[in-house]
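Read-outs: derived from the displayed coordinates by stated rules, not from any lab. Remember, it's a predicted structure, so these values are computed and weren't measured experimentally. A quick note on method: Cβ atoms are made from the backbone with ideal geometry, for glycine too, and the neighbour counts reach across all protein chains shown.
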Amino acid sequence: MVKPSRQHNVLPGFNLALGYTLVYLSLVVLIPLAAVFIKASSLSVEDFWNVVSAPRVVASYKVSFGLSLVAAAINSVFGVLLAWSLVRYSFPGRKLVDALVDLPFALPTAVAGIALTAIYAKNGWVGQFLEEQIGFQVAYTPWGILVALIFIGLPFVVRTVQPILEDLDTEIEEAAASLGANRAQTIRRVVLPILLPALLTGFALAFARAVGEYGSVIFIAGNMPFISEITPLMIITKLEQYDYVGATAIAAVMLVFSFILLLIINFLQAWSSGRVRKGR
């Protein structure tokens with residue numbers, strides 16, 4: 001009787017790699033997240049609710065999550081346009097523009113915040129013009145927070161959509177045009193459905209980065225309670241006051257809200273991917 005040959009994995013050492021992955025994931029992600037909830041659980045339900053529902057804290061939720069959603073939506077539009085220009089057109093300085101897209105990745109967030117503040121302050125290059133011509137102030141207002149969040153989130157959308165556009169054959173668009181579709185119909189019915197899963201991924205990444213952003217925001221925000229105060233700053237304020245339990249309670253709320261929104265976005269991404277596969 002011939003014994004069946006033992007099946008080997010394509011990549012050897014699977015058990016060791018899986019064990020290392022689980023240990024690394026636990027140390028870096030799972031244990032710190034669990035510590036947040038464990039620390040916050042030391043509060044009673046009433047005390048926990050009083051901390052996380054304080055008017056000043058609720059106002060910071062609205063600023064952080066609201067402006068993060070708006071910034072991610074804006075980046076979704078202009079990120080696609082920028083990626084389209086970099087992939088489909090050749091122009092002087094194209095490689096330079098492509099390299100500058102990654103600048104927010106390499107630039108320290110504090111440096112980005114100081115630079116944006118210097119540009120959009122009342123005496124800055126852009127801020128001075130806006131103040132004198134239309135009486136519009138960016139720095140030290142929620143508009144400044146929005147500018148900072150757009151700056152740090154744009155590369156996520158561009159770099160997520162760009163590879164899909166590079167793989168998208170122009171013959172698909174030409175076939176649609178030959179069947180009588182105009183440019184708008186081709187983009188809406190042919191290009192966007194293919195880009196939608198990657199676009200949702202870029203949106204989720206930009207939103208997740210914006211929600212937790214601190215360094216590039218505090219310099220340009222003004223940090224005025226109920227107006228331009230972000231939730232990460234509230235957490236830092238609690239820590240400076242040695243209120244560690246209160247800080248972890250606010251952090252736990254942010255984690256829950258972020259997880260819910262990311263799950264919704266991932267569900268939409270899976271749904272759109274299924275539609276694209278069925279369409280093919």
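For this structure, a couple of remarks:
- Verdict on Glu229 being within 16 Å of the chain's Cα centre (by Cα), on the phi < 0 side of the Ramachandran plot and not in a helix (DSSP H, G or I): no
- Residue in segment 178-189 that is exposed (fewer than 13 other Cβ atoms within 10 Å of the Cβ), under 14 Å from Arg88 (Cβ atoms) and free of Cβ contacts under 8 Å to residues at least 40 places away in the same chain present: yes
- Long-range neighbours under 8 Å by Cβ, at least six apart or interchain, first residue part of a loop (DSSP other than H, G, I, E, B) within segment 83-96, second surrounded by 10 or more Cβ atoms within 10 Å (Cβ to Cβ): Phe91/Ser85
- Restricting attention to segment 149-177, the residues that are surrounded by fewer than 11 Cβ atoms within 10 Å (Cβ to Cβ) and either in contact (Cβ under 8 Å) with a residue 12 or more places away in the chain or of a type in the set (Val, Ile, Thr) (or both) total 1.
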